[in-house]
Amino acid sequence: MKKAVAVIAVLALALTAFIAVGLAIQGPTPGSPAAEPTPSPTTPPPAAVTEAPSPELADLYAQRIDWQPCESDDDHDCGFLTVPVDYADPQGETIDLALLRVPAKGSRVGSLVVNPGGPGARGTTYAAAGGQMFREPLLDGFDIVGFDPRGVGASDPVDCLSDAELDDYLGGDPTPDTAEERADYRSTVLSFGPGCVAGSGPVVGHVTTTEAARDMDVLRSALGEETLSYFGASYGTKLGATYAELFPDKVGRFVLDGAVDVSLDARSLALEQATGFETALRAYVQNCLDTTDNCFLGDTVDEGMATITGLLESIEEEPLPAGDRELTVGNAFYGVITPLYNRDYWFLLSTALASALEGKGSALMSLADAYASRNPDGSYADNSVEANYSINCLDDPSSVPFGKVPSLYPEFEEASPTFGRIFAWGMALCRGIDVSSSEEPLTIRGEGAAPIVVLGTSRDPATPLKWAQALSAQLDSGVLVERDGDGHTAYNAGNECIDTLVEDYLLDGDVPADGTTC
């Protein structure tokens, strides 16, 4: 059996998989005829826009972005933003953040900065996929601006493992049972952090959410915007909430979709996320029973869940063939959870599970590869897995000693009989981190910020509804809007009520009533 290795934090690549699978299914979306675009302003911004928080940052706040057509798609503009590696030394070493802009198709309202989550997902990819992620009203009215956060994608990316090592890491047994497997697990976890330090520059110690939020204010200034309009999904809600705490007077129209409860410790986050994935998987099985005369998983939800659990256990004992590779239980886990992010992709899970039950692992492997941004040739399209580790563990380096993980089984298995032990072992992941953050922890309130719309979905697998309820209450100006439905995040998920509320707010400033349910 392969080495036993840690499962990456599932909050991780939430929308990375969503984008990858969505683009693979839908392909390019043809553009509809639109009005002649309104160009972005070229006149110098007023002093209120470029005023820096400290004199040492004045030059960085005064920069303007040199937008040029992207090499891969001349309908989009690409550029760079210079920021300091360390905000405590703002005139020291700098890095360039990669930017991508999709110009407004119609009458331009302004710039909408977007982040898809992760941490570790590329904002440039998210913006470039705007035709799938956002509806026409927002595409018409806003320049959609995505950025790769520091350490991510093309923004001085952290590098921790070779492609082959990353394959082993993702494919390993996430619930080590034997002494040998646990020794391998411990060795792998303890080598990940040093690998990041050895393979990356000084940025590896400066990839915190707080520093990324500071970067967003430099970006706001460089875009010529007096306040920041922002759409953040999944982890992007934590990033947006952090910005609101640091720069409440610069908050414009903010939508935080699929919210993270920023007050929870790592253990509570993992427990509640395990519950979220269990709930989502049960909803998927119930849908199979409701929509087919003879669900291939069984005659009841409990039978269906037992079938899936039994399949994972059998793969742990004997991996399945998947082309020239083999599907291990680690791969199978990612293959199962990936389609849970979007109800439209549940049919992919049915196809993959049915195939795996027949002894064929290629379909589940394809879904696992989409989650981790693995290309068919074995390379990786980005460094999302490594960036996820680096950012999460720098934000919160707390972890459970390896020997104490089994003591967590009862509460984690109660939260999720299917995935509980996987999430329990994930609690040891950050024991390999050997750099520390230069930023102090924040208590996030956003006092003085304009209204911030927080979206939650009732059966969201990755960010449970209770997290949106909590974040909206923690933010002084939080406005909660709930979607009754399945899948991760609420906007552009087929709910016209949600979509209209979001678009009316971002475009016209119409703040929805707190507690609205759609």
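FYI, it's all coordinate maths here, none of it is from the lab. For clarity, every value in this text was computed on a predicted model and none was experimentally measured. A quick note on method: Cβ atoms are made from the backbone with ideal geometry, for glycine too, and the neighbour counts reach across all protein chains shown.
What percent do you get for the relative contact order of the chain when only Cα pairs under 8 Å and 6+ apart count? Please list the in-between numbers first.
Numbers: 1122 pairs, mean separation 101.9, N = 518.
Computed over the chain, the figure is 20 percent.
Which percent of Cα pairs goes in each bin when the distances of segment 419-518 are cut into 5 angstrom slices starting at zero?
Per 5 Å bin, starting at zero, the Cα-Cα P(r) for segment 419-518 comes out as 2, 12, 17, 17, 15, 12, 11, 8, 5, 0 percent.
Would you work out which of Thr237, Leu190, Tyr169 lies farthest towards the positive end of the dipole of segment 91-247, given +1 charges on the beta-carbon of Lys and Arg and -1 on that of Asp and Glu, about the Cα centre?
Thr237
Please give the calculated 222 nm ellipticity per residue for the chain, where each DSSP H segment of at least 4 residues contributes -39500 (n - 2.57) and the sum is spread over every residue; nearest 500 deg cm²/dmol?
Calculated from helices alone, the mean residue ellipticity at 222 nm is -12500 deg cm²/dmol.
Ordered by residue, what ³J(HN,Hα) values in Hz, to whole numbers, does segment 183-196 give under the Karplus form 6.51 cos²θ - 1.76 cosθ + 1.60, where θ = phi - 60° and Gly and Pro are x?
5, 5, 4, 4, 4, 5, 4, 6, 9, 5, x, x, x, 5
Please count, across the chain, the pairs of lysine residues with Cα atoms under 25 Å apart that sit 8 or more places apart or on different chains.
On the way: Lys2/Lys360; Lys2/Lys404; Lys3/Lys360; Lys3/Lys404; Lys238/Lys250; Lys238/Lys466.
Going through the chain pair by pair, I get 6.
Computed on alpha carbon atoms, what radius of gyration and Dmax characterise the chain, expressed in Å?
22.1, 69
For segment 309-356, state what percent of all Cα-Cα pairs lands in each successive 10 Å bin, counting from 0 Å until the bin that includes the largest distance.
Calculated over all Cα pairs of segment 309-356, the distribution is 27, 55, 18, 0 percent.
Hey, got a sec? Which GluC sites (Glu not before Pro) in segment 293-359 land in a DSSP loop and have at most 15 other Cβ atoms within 10 Å?
Values: sites: Glu303, Glu313, Glu316, Glu317, Glu326, Glu358; in loops: Glu358.
Qualifying residues, ordered by number: Glu358.
If one computes P(r) from the Cα atoms of segment 77-128, what percent of pairs lie at distances over 16 Å? Kindly include the intermediate steps, with their values, before the conclusion.
Details: 744 of 1326 pairs.
Everything past 16 Å amounts to 56 percent.
Restricting everything to alpha-carbon atoms, can you work out Rg to Rh for segment 108-154 with a Kirkwood hydrodynamic radius?
Details: Rg = 10.8 Å, Rh = 10.8 Å.
Rg/Rh: 1.00.
What are the ³J(HN,Hα) values, in whole Hz, obtained from phi via the Karplus relation 6.51 cos²θ - 1.76 cosθ + 1.60 with θ = phi - 60°, for each residue of segment 341-352 in sequence order, with x given for Gly and Pro?
5, 8, 4, 4, 9, 4, 4, 5, 5, 4, 4, 5
Relative contact order for segment 33-175: what percent, with Cα pairs under 8 Å and sequence separation of 6 or more?
Numbers: 233 pairs, mean separation 29.9, N = 143.
Relative contact order, segment 33-175: 21 percent.
Report the dimensions of segment 224-274 along its three principal axes from the alpha-carbon atoms, largest first, rounded to Å.
41, 17, 12
Report Rg/Rh for segment 245-332, rounded to two decimals, where Rg is the Cα radius of gyration and Rh the Kirkwood radius.
1.17
Could you compute how fast segment 279-372 diffuses translationally, taking Rh as the Kirkwood radius over C-alpha pairs and applying Stokes-Einstein at 10 °C with viscosity 1.306 mPa s? Give it in µm² per second. Please list the in-between numbers first.
Numbers: Rh = 13.0 Å.
For the chosen part, D equals 122 µm²/s.
Within 10 Å of each candidate Cβ there may be at most 12 other Cβ atoms; applying that plus a DSSP loop requirement, which chymotrypsin sites (Phe, Trp or Tyr not before Pro) in segment 273-368 survive?
Working: sites: Phe277, Tyr284, Phe296, Phe333, Tyr334, Tyr341, Tyr345, Trp346, Phe347; in loops: Phe296.
Those that pass, being in a loop and sparsely packed, are Phe296.
Name the residues whose placed amide hydrogens come within less than 5 Å of the amide hydrogen of Thr94, ignoring near sequence neighbours (fewer than 5 apart) on the same chain.
When sequence neighbours closer than 5 places are left aside, the close amide H contacts are Val85.
Rounded, prolate or oblate: pick one for segment 331-412, where a ≥ b ≥ c are the square roots of the eigenvalues of its C-alpha gyration tensor, a/c under 1.5 means rounded, and failing that, prolate if a/b is larger than b/c, else oblate. Don't skip to the answer; put the middle values down first.
Values: a/c = 2.25, a/b = 1.43, b/c = 1.58.
Verdict is oblate for segment 331-412.
From the phi angles alone, apply the Karplus equation (6.51, -1.76, 1.60; θ = phi - 60°) to segment 92-98 and give each ³J(HN,Hα) in whole Hz, x where the residue is Gly or Pro.
With coefficients 6.51, -1.76 and 1.60, one gets x, 5, 10, 10, 10, 8, 6 Hz.
Just the number: Rg to Rh for segment 46-188, Cα atoms, Kirkwood Rh, two decimals. Let's see the in-between values first.
Numbers: Rg = 20.0 Å, Rh = 18.0 Å.
Using Cα coordinates only, the ratio equals 1.11.
Using the Cα centre as the reference, give the magnitude of the dipole from point charges on the C-beta atoms of the chain (Lys, Arg: +1; Asp, Glu: -1; all else neutral), rounded to the nearest 20 debye. List each step's numbers first, then the result.
On the way: 29 positive and 79 negative charges, 49 e Å.
So the dipole magnitude of the chain works out to roughly 240 debye.
For segment 59-98, what is Rg from Cα atoms divided by 2.2 N^0.38 Å, rounded to two decimals? Spell out each step's value before the answer.
On the way: Rg = 12.7 Å, N = 40, 2.2 N^0.38 = 8.9 Å.
Rg over 2.2 N^0.38 Å, computed on Cα atoms: 1.42.
Evaluate the relative contact order of segment 229-305 (contact order divided by residue number), counting alpha-carbon pairs under 8 angstrom at least 6 apart; express in whole percent.
On the way: 63 pairs, mean separation 18.4, N = 77.
The normalised contact order for segment 229-305 reaches 24 percent.
Quick one: which residues, 5+ away or cross-chain, put their amide H under 5 Å from the amide H of Ala233? H built at 1.01 Å from N.
HN-HN under 5 Å from Ala233: Asn115, Gly117, Asp257.
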